[in-house]
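> Encoded as structure tokens, here's the structure I'll be asking about.
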Amino acid sequence: MASIIVQDACVLINLLASGRFEDIAGGCDFRFAISSVVAEEALFLRNTESGEREKIDLRQIIERGIMEIVTVESETEKLRYIEIALELDDGEAESIAIAEVRNLALATDDKKARNIIERRGLKIELWSTCKLLRHWQNKCSISDNALRSVLTNISLRAKYHPKFGQPDFEWWTKLCTK
Amino acid sequence: MPENVLEKIDAKILGERLKSARRAFGLTQEAVADRLGFIRTTVVAIEKGERRVTTDELLAFAKCYGRNVSELMKQSAFTEALTPQFRAALSNSHLETPFPEDQLFQVCHELEARAEDYLELERLCKAPLPQDYPKQYPLEDSRISPEQFAEDVAQEERNRLGLGDAPISDLRAVLEEAIGLRVFFYEMPSFVAGIFGYNDRLGGCVGVNIKQPWYRGNWSLAHECGHFLTTRFYADVDIMQNGRWGKHRAERFADSFAANFLMPRSGVNRRLSEVEMSRKERITIADLVTLADYFGVSVQAMCLRLESLKRIQTGSWDHLKAGEFKPDKARRPLGLLRSARRHSEWPARYLLLTKAAFEMGELSENQLARKFRTDIVSAREIMEELDSLVVLEEGEEFSIIPVNLASPVSVE
């Protein structure tokens, strides 16, 4: 297993919405990273009380070393980044380029990003929001009740849940309706 | 090492895009060279396509112009299909008060960007926009007044579209679905009412200021449609001021077309006669407000229309205005206050194409959010709203069945 997982913006939003980001980051046996472009993007969550958008502030979790920022450095990374930016946005392209060249894992739920990785034959260990949560539950013996609350937070604050027909749909639905 | 994609891209095309991005950001070649530590001739050569840009240079340009690399690499990026037309339109406008050019160009760029996004969605979904454009009515050749010509054209278009002389309940749907115009409502500076642009690739594109009241938005939409019918190849920005622009033949035509298309002479006269005959009294303010609502126009527009049709005294609107008449105050007791009524920002077809493209894996979540000019979570909400929910009762159990609005009705 890779020692670092690069998260794209969508997975990052989901985990931040969970209300347990720090626990998830600390409880797993790898470090979290995001690309420099994702770090500069304006990301929001929904405030469940006011219904308003709430801007995500990453400074604290970066300063406290809970997550690190990675950026393209070598010519190989830059070339891959530009090549993938023909099909995806910069944050996604940079995340994929870094994960591939540095042999890191990538957490993404994005169908298009996954399709591109597969089509191009890029050797990247792929994770998803659900896979990360399941790993955390097993690793740290998180109760179903605690995980249900995490999933509810993600549904309400990040408006994310696996779609009908997706591999984790049943797992998610079963846990939420237990 | 991955293949160098920059060697495969036409240096001239990429140079043009970099030049457009620089100009949109408002920098000279010299200023860019200073900021990035290049010599000016390097910037010149790259923009002319005489020298290939390196990876570091491309990343530096993107950062300097506040653009994503993906934006600079996108085929349709900065094509400036409509912008030169707007530039010409604005320089010929002879307005009494000059308006901030950068704000106006932002409005023009946004219309172009939205139309390009729409076109890209059609390409991804292999669903080109069905168009049934009418012939162009040559205003210049017309020997009658623009107002008279507009009435004839409005009537012809109503007949062509099978609208008769009834009110148009959803003007936008008519223009989008029956004609094939691309219509967007978005925020513009308050001095801009609407905007129109056309080219062969994008077709007719209309932008309307979403901050306007619903009725006024309808008027702006019909006004811009008037430009499409006559001066199709000249872009237009409808600015709310009494400058010389307002007296141009094309503007007089567009305004008169809006009046005649939204409030056809025969339809208004018939409705008014019905009101008068039922009560045998003169037209009241309540009648005026009700009639305006019935035809989907502002009270001012209806009042001026009735004046021009000689159904009420000339100067009636000025008289009402002098008496500090407030339309909303009159609408409230009549149950016609529809302050929550808003034009949707995006065409329904645009929403469905975006959803389809996303579900096919042709758009990432970031790209989805960009298509809606919003953040990822809000874009997810839009997608969720399109999956409207049906709740079924099974005994005491309720189950929720998501309905995909983009899915076909028939089952194979």
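> So, R0 is 35 Å and r is the distance between the beta-carbons of A:Asn47 and B:Glu359; what FRET efficiency does that work out to, to 0.05?
Calculated value: 0.80.
> Another one. Specify the inter-centroid distance of segment A:63-127 and segment B:163-190, based on alpha-carbon positions, in whole Å.
43 Å
> Something else about it: Given the options B:Pro134, B:Pro100, B:Pro213, state which has the largest fluctuation in a GNM of chain B using a 10 Å cut-off (strictly under) for Cα springs.
B:Pro100
> Considering only B:Phe228, B:Phe191, B:Phe86, give the residue with the highest GNM mean-square fluctuation for chain B, with springs between Cα atoms whenever their separation is below 10 Å.
Of the options given, B:Phe191 has the highest mean-square fluctuation.
> Please find the FRET efficiency linking A:Glu125 to B:Thr28, where r is the Cβ-Cβ separation and R0 is fixed at 51 Å, and quote it to the nearest 0.05.
0.60
> Compute the long axis of helix B:299-308 from its Cα atoms, compare it with the longest principal axis of the Cα atoms of chain B, and write down the angle in degrees, 0 to 90, nearest 10.
With rounding to tens, the tilt is 60 degrees.
> Given a Förster radius of 22 Å and the C-beta distance between B:Glu324 and B:Thr284 as r, what FRET efficiency does 1/(1 + (r/R0)^6) yield to the nearest 0.05? Walk me through the numbers on the way to the answer.
Values: r = 18 Å, r/R0 = 0.81.
The formula returns an efficiency of 0.75 here.
> If you wrap a convex hull around the alpha carbons of segment A:24-147, what volume per residue comes out, as a whole number of Å³? If you can, show how the numbers build up before the last one.
On the way: hull volume 17.0 nm³, N = 124.
Residue-normalised Cα hull volume stands at 137 Å³.
> So, one more: Applying the Karplus parametrisation 6.51 cos²θ - 1.76 cosθ + 1.60 with θ = phi - 60° to the phi angles of segment B:25-35, what ³J(HN,Hα) value in whole Hz is obtained for each residue in order, glycine and proline being reported as x?
Those phi angles translate into 7, x, 10, 7, 4, 5, 5, 5, 4, 4, 4 Hz.
> If I fit a long axis through the Cα atoms of helix A:144-157 and take the longest principal axis of the Cα atoms of chain A, what angle between them do I get, 0 to 90°, rounded to 10?
60 degrees
> To the nearest Å, what is the center-to-center distance of segment A:150-168 and segment B:31-65, using C-alpha atoms only?
Centre-to-centre distance over Cα atoms comes out at 44 Å.
> Something else: Greater than 25 Å separation of Cα atoms is the criterion. Which listed pairs, B:Lys280/B:Lys310; B:Lys19/B:Lys135; A:Lys131/B:Lys126; A:Lys111/B:Lys63; A:Lys55/B:Lys371, meet it?
Violating the 25 Å limit, Cα to Cα: B:Lys19/B:Lys135; A:Lys131/B:Lys126; A:Lys111/B:Lys63.
> Also, I was wondering about something else. Over segment B:141-273, what is the mean sequence separation of C-alpha contacts under 8 Å (at least six apart), divided by residue count, expressed as relative contact order in percent?
Once divided by the residue count of segment B:141-273, the mean separation gives 31 percent.
Bear in mind that the values in this text are calculations on the coordinates, not laboratory data. Bear in mind the structure is a predicted one, so any value in this text is a computation, not a measurement. Neighbour counts run over all protein chains shown; Cβ positions are idealised from the backbone, glycine included.
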